[in-house]
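The values are calculated or read from the model by the stated rules, or taken from the named source; none is laboratory data. Keep in mind that this is a model prediction, so the values were computed, not measured. A quick note on method: Cβ atoms are made from the backbone with ideal geometry, for glycine too, and the neighbour counts reach across all protein chains shown.
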Amino acid sequence: MVDRTVEIELKLLFEAIYLKYSYDFREYSGASLKRRVLLALREFGCETVSALQQRILHEPQVFAELLQYLTIPVTEMFRDPAYFRALREHVVPVLRTYPSLKIWVAGCSTGEEIYSLAILLHEEGLLERSMLYATDINPRSLERARQGIFDINHVRKYTRNYQLAGGTRSFADYYTAAYDSVLIDRRLRDKVTFADHSLATDSVFAETQLISCRNVLIYFNKALQDRAFGLFHESLCRRGFLGLGSKETVEFSGYADRFEPFAKEERIFRKT
Ligand SMILES: C[S@@+](CC[C@H](N)C(=O)[O-])C[C@H]1O[C@@H](n2cnc3c(N)ncnc32)[C@H](O)[C@@H]1O
């Protein structure tokens, strides 16, 4: 009985968020979203989800804080190095055949994935001819991504990832260290356009040759995943590439027959 009430309250909360702020969490997968809202209750000193809803509706800054709970910013540079190695070894040779490239990282969080791609493209001599787009719904993450500043404590892990991903230089070539942070090289930062874009509510904005959308779709239900696959299909050029996270696949989705596995282990698919 209590659980059923919470389910109703959650539904009303997401409806309220959508109506008031146009962020659409109504089709995210239930369990993890519920967990995150319940965690936020404590932070905001609310006894019930309804009480939280009340605050969200009347205090925009509380919604800005809740958004940090609802979106999971976890990321790292060259995350799953085998993925980036596969891009380098198998996708780059095809990308080389295009005179110009548009590449989209959807759900870019604080920028680590797009900067990893920028480094890879630079080393393969393709960055000059590329336009890079990185989008997310979390304005704070986007701002941090634009700044290109990362915690120096992560550098050792990122350097190792970079090497495992087939990096051909020294990872230190791409940042300057200052106190407890590192700043990504300006030449990489200047190549990326960061923008607010939701896979749940927005439409396609460019024709692309490669889309990397990793560790975002796991938070969506099947209908919302299909919406995202629809956007990717529409955005990709003929035979364009789609890279997903290690637990994600286009197989079994409504778009299964419109993509084929290209590097199956690394979750890279190609538009048929
Ligand atoms: C776990 S992070 C993944 C970051 C990066 N792609 C990676 O794999 O390291 C998930 C990101 O998806 C973003 N996100 C959640 N819902 C989204 C939506 N509807 N449209 C675009 N991005 C979304 C979150 O804000 C968060 O930054």
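Worth a mention:
- Subset of the stretch 206-220 (residues that are away from the ligand (no atom under 11 Å from the Cβ) and surrounded by 15 or more Cβ atoms within 10 Å (Cβ to Cβ)): THR208, GLN209, LEU210, ILE211
- Residues located in the stretch 123-168, provided they are among the small types (Gly, Ala, Ser), over 16 Å from LYS191 (Cα atoms) and touching a Phe, Trp or Tyr at 6+ places or on another chain (Cβ under 9 Å): ALA165, GLY166, GLY167
- Filter result for the condition that a residue is farther than 23 Å from ALA223 by Cβ and part of a helix (DSSP H, G or I), over LEU41, LEU19: LEU41
- Unmet criterion (only one of (1) assigned to a strand (DSSP E or B); (2) away from the ligand (no atom under 16 Å from the Cβ)) for ALA134: (2)
- Residues of the stretch 197-222 satisfying the condition of being in a strand (DSSP E or B) and hydroxyl-bearing (Ser, Thr, Tyr): THR208, SER212
- Every residue from the stretch 83-120 that is without any contact (Cβ under 8 Å) to a residue 60 or more places away in the chain, more than 22 Å from PRO261 (Cβ to Cβ) and within 16 Å of the ligand (Cβ to nearest atom): SER109, THR110, GLU112, SER116
- Tally, over the stretch 101-126, of residues that are among the hydrophobic types (A, V, I, L, M, F, W, C), assigned to a loop (DSSP other than H, G, I, E, B) and either under 15 Å from VAL91 (Cβ atoms) or not assigned by TED's automatic domain parsing to the domain that holds LEU87 (or both): 1
- Cβ pairs under 9 Å, 6+ apart, first in the stretch 131-148 and over 10 Å from ASP196 (Cβ atoms), second more than 10 Å from the ligand (Cβ to nearest atom) and polar (S, T, N, Q): MET131/SER100; MET131/THR193; LEU132/THR193; TYR133/THR193; TYR133/THR208; ALA134/THR193
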